[in-house]
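Remarks on the structure that follows.
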Amino acid sequence: MEPVIQLDQVNFSRDGSAILQDISWTVRPAQHWALIGANGSGKTTLLKIITGYLWPSSGQVQVLGHTFGHVDLRELRKQIGWVSVSLGEWFTSHHGDNTVLQVVASGQDSSIGVAYRNISQEIKHKARQALEVVRMDTKADRQYRLLSQGEKQRALLARASMTSFRLLILDEPCSGLDIPSRELLLDGIEHLSHNPRNTLIYVTHHVEELRDVFSHALLLANGRILDQGRLKEIITDRSLTDAFGLPIEVQWDHGRPWVKIARTATPSKR
């Protein structure tokens, strides 16, 4: 089967500065990847290249079997779901008065805001089902802007599930969430991962968010790939220490990594 994502020697520079260097990455069907790196490692730039909002300085990009430069990116993006805090902020600012149901229904055709048109009963039913999955069905008629941060993210997850996406990008979706809100959102993400048609890319610098549905990891540092492969082979003391520049220890519990800063020797008192 053709790869979901195929990047070959991708480089990206801006104003003479290298942002991404020599990025070669293959994501295959039935794989769910974590994209991990410190702030400034190049994660957001890489996502924008995958979705066609930035063009590489060199190298080849293929997504869902289509080579960039030979595909209508507007049509391709209809097969790509996106969940991020910034998207939620945009909805709050521009369509915050829309109901949660309207926001979720807009995912059917990847439109932004649907208050200006009627929604069919079929789409309403589908949107309510999507909200049930993320335990948000009781908030369907509430204005989107009145939701908590965690509720907004779960509504966006329901929105992403409305379309027949083949690739779902989760760009630090748990940012700013408390523990209960984080776990509810991760429940919804885990549910979506069970669909064999879906491929998930989960972007984070908090590896404790990674449940065992994620099979692989790509570790970025300073715009380069530090390591990539099976999740448990990549999330190690050494690799995370190299990526974040701190002595890190990893402990696994029920298939999920948890980290702490390693103790360092303290100077003896005289």
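The values are calculated or read from the model by the stated rules, or taken from the named source; none is laboratory data. Everything numeric in this text was worked out from a predicted model, so none of it was measured. Here Cβ is always computed from backbone atoms with ideal geometry, including for glycine, and neighbour counts include all displayed protein chains. Note: accessible area is taken over every heavy atom of the protein model, side chains too, but ligands, DNA and RNA are not part of it. Shrake-Rupley method; radii C 1.70, N 1.55, O 1.52, S 1.80 Å.
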**Prompt:** For G81, which sequence-distant residues (separation of 5 or more, or a different chain) have an amide H within less than 5 Å of its own amide H, given hydrogens modelled in the peptide plane?
**Reply:** R166, L167, L168, I169
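Compute the Kirkwood hydrodynamic radius of region 131-197, taking the inverse of the mean of 1/r over all pairs of distinct Cα atoms, and give it in Å to one decimal.
Details: mean 1/r = 0.0812 Å⁻¹.
Evaluated over region 131-197, this radius sits at 12.3 Å.
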**Message:** Can you compute the equivalent ellipsoid semi-axes for region 211-259, i.e. the square root of 5 times each eigenvalue of the Cα gyration tensor, sorted largest first and rounded to whole Å?
**Reply:** 18, 14, 7
**Fill in**
One quarter of the C-alpha convex hull surface, i.e. the mean projected area of the chain in nm², amounts to 17.5
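Using the reciprocal of the averaged 1/r over all distinct C-alpha pairs, how large is the Kirkwood radius of region 44-142 in Å?
Details: mean 1/r = 0.0650 Å⁻¹.
Value: 15.4 Å, from the Cα pair sum.
Working out 0.36 nm times the residue gap between R256 and D237, then minus their Cα-Cα distance, what length gain in nm do you get to one decimal?
5.4 nm
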**Message:** Could you tell me how far the Cα centroid of region 117-192 sits from the Cα centroid of region 217-242, in Å?
**Reply:** 30
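Suppose accessible area is computed on protein heavy atoms with a 1.4 Å probe; arrange K43, K260 from highest to lowest.
On the way: K43 15, K260 105 Å².
Result, largest first: K260, K43.
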**Message:** Can you give me the distance in nm between label points at E122 and E75, each placed 7 Å from the Cα along the Cα-to-Cβ direction?
**Reply:** 2.2
**Asked** So, in the chain, how many Lys pairs have Cα atoms under 28 Å apart, if the pair is 8 or more places apart or on different chains?
**Response** 18
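Shape verdict for region 1-75, please, from the Cα gyration tensor: rounded (a/c under 1.5), prolate (a/b greater than b/c) or oblate.
Working: a/c = 1.88, a/b = 1.27, b/c = 1.49.
Judged from the Cα gyration tensor, region 1-75 comes out oblate (a/c at least 1.5, b/c at or above a/b).
Using just the helices of the chain, give the 222 nm mean residue ellipticity in deg cm²/dmol: DSSP H runs with n ≥ 4 each add -39,500 (n - 2.57), and the total is spread over all residues, rounded to 500.
Working: 9 runs with 81 residues, N = 270.
Value at 222 nm, helices only, nearest 500: -8500 deg cm²/dmol.
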**Request:** Report the full-extension gain for the segment N195 to E89: residue separation times 0.36 nm, less the Cα-Cα distance, to one decimal in nm.
**Result:** 35.4 nm
**Request:** May I ask you to compute the full-extension gain from R142 to D178, defined as 0.36 nm times their residue separation minus their alpha-carbon distance, rounded to one decimal in nm?
**Result:** 10.8 nm
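Kindly rank 62-75, 197-210 from highest to lowest mean number of other beta carbons found within 10 Å of each residue. Show your work: numbers first, answer last.
Values: 62-75: 13.8, 197-210: 19.8.
The peptides rank, most packed first, as 197-210, 62-75.
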**Complete:** From highest to lowest solvent-accessible area (probe 1.4 Å; ligands, DNA and RNA excluded), R14, R182 read R14, R182
**Message:** I need the P(r) histogram for region 85-224: all alpha carbon pairs, bin width 10 Å from 0 out to the longest distance, whole percents.
**Reply:** 12, 44, 33, 10, 2
**Rounded to whole Hz, the Karplus (6.51, -1.76, 1.60) HN-Hα couplings of region 147-155, x for glycine and proline** = 6, 6, 4, x, 5, 4, 5, 5, 5
**Item:** Estimated vicinal HN-Hα couplings, Hz - region 226-241 in sequence order (Karplus 6.51, -1.76, 1.60; Gly, Pro = x)
**Value:** 7, 6, 7, x, 4, 3, 5, 7, 9, 7, 10, 3, 5, 5, 6, 4
**Request:** Rounded to the nearest 0.05, what FRET efficiency do D212 and N39 give with R0 = 22 Å and r taken as the Cβ-Cβ distance? Could you check?
**Result:** 0.25
